[in-house]
Amino acid sequence: GPPAAPPGSDTYKGWLFKWTNYLKGYQRRWFVLSNGLLSYYRTQAEMAHTCRGTINLSTAHIDTEDSCNIVLSNGGRTYHLKANSEVERQRWVTALELAKAKAIRMRNNQSDDSGDEEPASQSDKSELHGPLKTLSSKLEDLSTCNELIAKHGAALQRSLSELENLRLPADSGEKIKAVNERATLFRITSNAMINACRDFLDLAESHSRKWQRLLQHEREQRIRLEETIEQLAKQHNSLERACRGAPGLASGTASISSTKGSVQSAKGEASDEDEETEYFDAMEDAPAFITVTADPKHHRRSGSNLSGASEGHPEDWNLEDSVFESSNQSSYNESTGKDLLPRKRRRSRIPDKPNYSLNLWSIMKNCIGKELSKIPMPVNFNEPLSMLQRLTEDLEYHELLDKAVKCESSTEQMCFVAAFSVSSYSTTVHRTAKPFNPLLGETFELDRLDELGFRSLCEQVSHHPPAAAHHVYSRRGWTLWQDITISSKFRGKYLSIMPLGAIHLEFHSSGNHYVWRKVTSTVHNIIVGKLWIDQSGEIEIVNHKSKDKCQLKFTPYSYFSRDVPRKVTGVVSDADGKAHYVMSGTWDEKMECSKIVHSSHGSTSTEGKQKTVYQTLSPKVLWRKYPLPENAENMYFFSELALTLNEPEERVAPTDSRLRPDQRLMESGRWDEANVEKQRLEEKQRAVRRRREAEAVEALEEGKDYEGYIPLWFERKVDAVTGELICVYKGGYWEAKDKQDWSVCPDIF
């Protein structure tokens, strides 16, 4: 097909033929031109995980052999490419030339800005001269286009002159002269356009002093306002501490902490913040809807007279035998399925965490901007669980899915699925330590089929980028699977963790297939202050059978916000967009569901957005967090399930995380030995990777395909729902466990 974007845009995509070797010749590849880099993939689906090669255009030479060929060379790397037609070849050449010119300018600008200026002056310079830099960049783009026009125009005129010298009929010669004159006029016009743009830039520069004065004034005003707000915040903090320290005011502490929104816990616990805590501005986006609780008795009498697009039937909400009612009646630390079958006695504690001191900054100062999975970390920053086990912790509140199976309405079922998606974050509120990065081929099983009705299997299917595949089967009527890649960046003050990939949930009887993605997790105060975690972003849960949707919003923490910290809100709507339920709660405590009986449009907000007012019945609690075990603060704040995940079990695969020696030593409190063992395992994995790379080079020289690492229990397929290439369970693990045949497992420990 044609390229995906016109020449001159930031990203340019399309199919080209690339020379591979003398056996296969030219092979069709998907090329992506972005940010001065030309990358290629075998298929478009590979863009999500595997890049076959990249060439930097800032130092590359671009040449054209014939009407359809392009040759790119950069040092020892050369790409021989072929387009389908001469027109397509010319489009790519133009895009490559523009991208090369822009990459050279960016490289020169970076070298110019790397002087001895103070950081503040660099910030001022970028703030004051930003518009002029943008104009200059666009002018240089036009100049590059002008050079290309002049180059191609000169070639066109040479070709016309050659035709003019040929012996042609008189009328043909006159037509060629006319075309030649038009080409000359076109070049003159393009030069005039460039000159006009240059005059415009000169005019903008003449007004720059006025702009600078205005910007400087606004900047000073903003700094004064920030200093005033910071002073008020510190005074507030001091008053709160004084209030907590005064005798006889213990009853008022909870309300003060709740008003302030403490990052430690704003629901009645004391705050341990210091003056180094990083505060955030209030949310710019106001809530998109307002909820008003209705009187159930009134609506039972007048339910037939309700009008509006989102009316409901309150009678259905008060049925004692409904799934919602049974959920509300169950105790928050009990579930409908937990005590139905006899449970195996499992451990309820692990050795206390040693109190070792460590100079964090000496390790982290050279890691800013790097991928977290590539930073060598001592176990002092870890908790004695792997990422595969942390992924399995999503099943802590699996009983929500067991209840969802019993729902007859798809929108009602969506409420439980939404509560389940939020519940997976409840274990992270105090868990600031980093889990172990799994080794390639590492697995983790959680077989609770007889006790809780489900069995789970995780496998690390890729190391760079780190990716894990997860599959859960429940005999109570549901299956869950996910392929998650963790992308994380250390930014100095905070650490961002972005899970990439979709989570799939399918109910066996109804065939309802739900898909959603995780939000971003942020760890604050990495260098100074008390570590704390926040979740922010949006989750859209879609039922691909009924087209029902639930849009959940995780509100980021703000010191100046009056909202409850860690707030989550959302609306469940059907395929027609009609709202049925309102979801509300916090991701660290509970989620509630309210049935909508009437909706109307409210007043317009200051941003010009019209809010929707939902009139609802009283909320029902769908999920509430279990209390942490006793002494949890000395056991890495592990939940009841997390304490059992690393408990030794028999008959597991030799690649199971429970058998990882460095993790086991850390759990036992032998951190020095764990660090030595961790370095040994990482070096062993690097040696295996170097061997695979050597095999890939050898296969390439021989003209053979090299598939790389193949997962043991999962296989890569294109998902029919999302269209993404994911790893799905192919079977065989539990059969191998029954036979105790682990011959296919590699020696990774």
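The values are calculated or read from the model by the stated rules, or taken from the named source; none is laboratory data. Given the structure is predicted, the values throughout are model-derived calculations rather than measurements. Cβ atoms come from the backbone with ideal geometry, glycine included; neighbour counts cover every protein chain shown. Calculation scope for accessible area: heavy atoms of the full protein, side chains included, ligands and nucleic acids excluded. Shrake-Rupley method; radii C 1.70, N 1.55, O 1.52, S 1.80 Å.
State which residue is farthest from H152 (Cα to Cα) when the search covers only the stretch 76-93 and only residues that are open to solvent by 50 Å² or more (accessible area, probe 1.4 Å) and part of a loop (DSSP other than H, G, I, E, B).
G76
Residues that are in contact with a helix residue (DSSP H, G or I) (Cβ under 9 Å, 6 or more places away or on another chain) and closer than 17 Å to H430 by Cα: find the strands (runs of 3 or more DSSP E) completely inside the stretch 515-555 holding 2 or more of those.
532-543
Across the stretch 418-434, what is the total count of residues that are buried (at least 24 other Cβ atoms within 10 Å of the Cβ) and of a type in the set (A, V, I, L, M, F, W, C)?
4
Has the stretch 570-592 got at least one residue that is touching a helix residue (DSSP H, G or I) at 6+ places or on another chain (Cβ under 8 Å), surrounded by 16 or more Cβ atoms within 10 Å (Cβ to Cβ) and either farther than 25 Å from L505 by Cα or without any contact (Cβ under 8 Å) to a residue 24 or more places away in the chain (or both)?
No - not one qualifying residue is present in the stretch 570-592.
Given the criteria among the hydrophobic types (A, V, I, L, M, F, W, C) and free of Cβ contacts under 8 Å to residues at least 60 places away in the same chain, does V652 qualify?
Numbers: among the hydrophobic types (A, V, I, L, M, F, W, C): yes; free of Cβ contacts under 8 Å to residues at least 60 places away in the same chain: no.
For V652, the condition - among the hydrophobic types (A, V, I, L, M, F, W, C) and free of Cβ contacts under 8 Å to residues at least 60 places away in the same chain - is not met.
What are the residues in the stretch 711-749 that are hydroxyl-bearing (S, T, Y), in a loop (DSSP other than H, G, I, E, B) and modelled with pLDDT of 90 or more, if any?
S743
Keeping to the stretch 178-222, report how many residues are free of Cβ contacts under 8 Å to residues at least 40 places away in the same chain and assigned to a helix (DSSP H, G or I).
28
Hey, F444 hits all of (1) in a loop (DSSP other than H, G, I, E, B); (2) over 14 Å from the mean Cα position of the chain (by Cα); (3) of a type outside the set (D, E, K, R); (4) closer than 26 Å to M666 by Cβ but one; which does it fall short on?
The number of the failed condition is (1).
Considering only residues that are buried (at least 19 other Cβ atoms within 10 Å of the Cβ) and over 20 Å from V613 (Cα atoms), which ones fall in the stretch 557-569?
Y557, Y559, P565, R566
If I ask for residues that are acidic (D, E) and open to solvent by less than 10 Å² (accessible area, probe 1.4 Å), which ones from the stretch 435-461 would you list?
Hits for the stretch 435-461 are E442, E445, E459.
Tell me which residues, restricted to the stretch 664-680, are assigned to a helix (DSSP H, G or I) and closer than 27 Å to R349 by Cα. Show your work before the answer.
First pass over the stretch 664-680, keeping only residues assigned to a helix (DSSP H, G or I): 664-667, 671-680.
R664, L665, M666, E667, W671, D672, E673, A674, N675, V676, E677, K678 - these are the residues of the stretch 664-680 that are assigned to a helix (DSSP H, G or I) and closer than 27 Å to R349 by Cα.
Take the conditions open to solvent by less than 10 Å² (accessible area, probe 1.4 Å), among the small types (G, A, S) and in a strand (DSSP E or B) and apply them to S488. Does it pass?
Details: open to solvent by less than 10 Å² (accessible area, probe 1.4 Å): yes; among the small types (G, A, S): yes; in a strand (DSSP E or B): yes.
Spelling it out, S488 is indeed open to solvent by less than 10 Å² (accessible area, probe 1.4 Å), among the small types (G, A, S) and in a strand (DSSP E or B).
Assess whether R660 counts as being surrounded by 15 or more Cβ atoms within 10 Å (Cβ to Cβ) and more than 30 Å from Y636 (Cβ to Cβ). Spell out how you get there, then give the answer.
Numbers: surrounded by 15 or more Cβ atoms within 10 Å (Cβ to Cβ): yes; more than 30 Å from Y636 (Cβ to Cβ): no.
So R660 does not fit the description; no.
For the stretch 447-481, enumerate the residues that are among the hydrophobic types (A, V, I, L, M, F, W, C), touching a residue at least 60 places away in the same chain (Cβ under 8 Å) and part of a strand (DSSP E or B). Spell out how you get there, then give the answer.
Initial filter on the stretch 447-481 (among the hydrophobic types (A, V, I, L, M, F, W, C)): 449, 452, 454, 457-458, 461, 467-469, 472, 478, 480-481.
Now narrow it down to the ones that are touching a residue at least 60 places away in the same chain (Cβ under 8 Å): 452, 457-458, 461, 467-469, 472, 478, 480-481.
L457, C458, V461, A467, A468, A469, V472, W478, L480, W481 - these are the residues of the stretch 447-481 that are among the hydrophobic types (A, V, I, L, M, F, W, C), touching a residue at least 60 places away in the same chain (Cβ under 8 Å) and part of a strand (DSSP E or B).
Starting from the stretch 149-162, keep only residues that are part of a helix (DSSP H, G or I), then list their pairs with residues that are among the polar types (S, T, N, Q) whose Cβ atoms are within a distance under 6 Å, requiring at least 6 positions of separation or different chains.
From the stretch 149-162, the pairs are I149/S190; L160/N180.
How many residues does the stretch 407-441 contain that are assigned to a loop (DSSP other than H, G, I, E, B) and out of contact with any His (no Cβ under 6 Å at 6 or more places or on another chain)?
Final tally of qualifying residues: 14.
Can you find a residue in the stretch 607-624 that is open to solvent by 40 Å² or more (accessible area, probe 1.4 Å), assigned to a loop (DSSP other than H, G, I, E, B) and closer than 17 Å to S426 by Cα?
No, the conditions are met nowhere in the stretch 607-624.
Considering only residues that are assigned to a strand (DSSP E or B) and open to solvent by 20 Å² or more (accessible area, probe 1.4 Å), which ones fall in the stretch 497-511?
Step one: filter the stretch 497-511 for residues assigned to a strand (DSSP E or B), giving 497-500, 502-507.
Once the filter is applied, which keeps residues that are assigned to a strand (DSSP E or B) and open to solvent by 20 Å² or more (accessible area, probe 1.4 Å), the stretch 497-511 yields I497, M498, P499, L500, E506.
Say whether the condition of being at pLDDT below 85, part of a helix (DSSP H, G or I), outside the structural domain of P499 (by the TED database) and not β-branched (V, I, T) is met by at least one residue in the stretch 21-35.
No, there is no match, as no residue in the stretch 21-35 is at pLDDT below 85, part of a helix (DSSP H, G or I), outside the structural domain of P499 (by the TED database) and not β-branched (V, I, T).
The rows are residues; the columns are (1) open to solvent by 80 Å² or more (accessible area, probe 1.4 Å); (2) within 22 Å of E140 (Cβ to Cβ); (3) under 41 Å from the mean Cα position of the chain (by Cα); (4) at pLDDT 70 or above.
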residue	(1), (2), (3), (4)
I194	no, yes, no, yes
Q212	no, no, yes, yes
E218	yes, no, yes, yes
G245	no, no, no, no
S251	yes, no, no, no
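Within the stretch 392-406, which residues are charged (D, E, K, R), touching a helix residue (DSSP H, G or I) at 6+ places or on another chain (Cβ under 7 Å) and part of a helix (DSSP H, G or I)?
Hits for the stretch 392-406 are E393, E396, K403.
Please go through the stretch 655-687 and give me each residue that is over 29 Å from the mean Cα position of the chain (by Cα) and aliphatic (A, V, I, L, M), ordered by number.
Answer for the stretch 655-687, where residues must be over 29 Å from the mean Cα position of the chain (by Cα) and aliphatic (A, V, I, L, M): L659, L665, M666, A674, V676, A687.
Quick one: would you say K737 is under 24 Å from D483 (Cα atoms) and of a type in the set (D, E, K, R)?
On the way: under 24 Å from D483 (Cα atoms): yes; of a type in the set (D, E, K, R): yes.
Yes.
Going by the structure shown, is Y514 open to solvent by 50 Å² or more (accessible area, probe 1.4 Å), modelled with pLDDT of 95 or more and not polar (S, T, N, Q)?
No, not satisfied.
Can you tell me which of S58, S73, S34 is touching a Lys or Arg at 6+ places or on another chain (Cβ under 8 Å) and either more than 30 Å from D719 (Cβ to Cβ) or open to solvent by less than 70 Å² (accessible area, probe 1.4 Å) (or both)?
Selected residue: S58, the only one of S58, S73, S34 that is touching a Lys or Arg at 6+ places or on another chain (Cβ under 8 Å) and either more than 30 Å from D719 (Cβ to Cβ) or open to solvent by less than 70 Å² (accessible area, probe 1.4 Å) (or both).
Condition first: surrounded by fewer than 14 Cβ atoms within 10 Å (Cβ to Cβ) and either in contact with a Cys (Cβ under 9 Å, 6 or more places away or on another chain) or not assigned by the TED database to the domain that holds E383 (or both). Now tell me which residues in the stretch 668-727 satisfy that.
K717
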